[in-house]
Amino acid sequence: MFFPDLGTKTQAVQGEWVQAIGWLSPAQEFPTGPSPANFIIRLQELCAARYEHGFDFPEAGGTHTCEFCHAYTSRGVLGVPDGNVLFVAPEMVYHYVAIHHYRPPQSFVDAVLKCPEKGSTALRTEVARFNDRIATLFKSLTDK
């Protein structure tokens, strides 16, 4: 499902504090190019540990097969906090960067590189702050 980079809507969550990243589709062009090796490594680490970070995203459609190569599947959503912004990407974003040379916006690259380590107090604080927003959003949607 396509959502434009840096838009405020994703399949998992939406809001003025959300920045969509990597919700790609073969029907839409996307930026390509090399990414820094340290970014790719860190992105892989974050995707592998996405459940350990503790963001309370709702299920976002189950398992997804890459629509470009049909050779990779993933599930889940990655959250990367950066100040008052939560970058929200499908777990597939690592595959898109590493295999299909998707070049995400520099603001996301910077956020990934400075994202607190899993289990750290800094990350727990960020996760709690955004989970409050996510819970409020879904409460308002289910109360309607």
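Bear in mind these aren't lab numbers, they're just calculated from the coordinates by the rules spelled out. Keep in mind it's a predicted model, so treat the numbers as computed, not measured. Counting neighbours? That spans all protein chains shown, and the Cβs are built from the backbone with ideal geometry, glycine included.
Scanning segment 72-85 for residues that are under 22 Å from Q14 (Cα atoms) and among the hydroxyl-bearing types (S, T, Y) turns up just one, S74.
Conditions tested, residue by residue: (1) of a type in the set (A, V, I, L, M); (2) in contact with a strand residue (DSSP E or B) (Cβ under 9 Å, 6 or more places away or on another chain); (3) under 20 Å from A12 (Cα atoms); (4) in a loop (DSSP other than H, G, I, E, B).
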| site | (1), (2), (3), (4) |
| --- | --- |
| E67 | no, no, yes, yes |
| H70 | no, no, no, yes |
| F87 | no, yes, yes, no |
| H95 | no, yes, yes, no |
| P104 | no, yes, yes, yes |
| V109 | yes, no, no, no |
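Within segment 82-101, residues that are over 13 Å from V18 (Cβ atoms) reach partners that are among the basic types (K, R) with beta carbons closer than 8 Å, at six or more positions or on different chains, in the pairs E91/R50; E91/R75; V97/R103. Of the residues making up segment 24-46, those that are more than 20 Å from L113 (Cα to Cα) and either in contact with a strand residue (DSSP E or B) (Cβ under 7 Å, 6 or more places away or on another chain) or without any contact (Cβ under 8 Å) to a residue 24 or more places away in the chain (or both) number 3. Restricted to segment 16-42, and to residues there that are under 14 Å from the mean Cα position of the chain (by Cα) and part of a loop (DSSP other than H, G, I, E, B), the residue that is farthest from Y94 (Cα to Cα) is W17.
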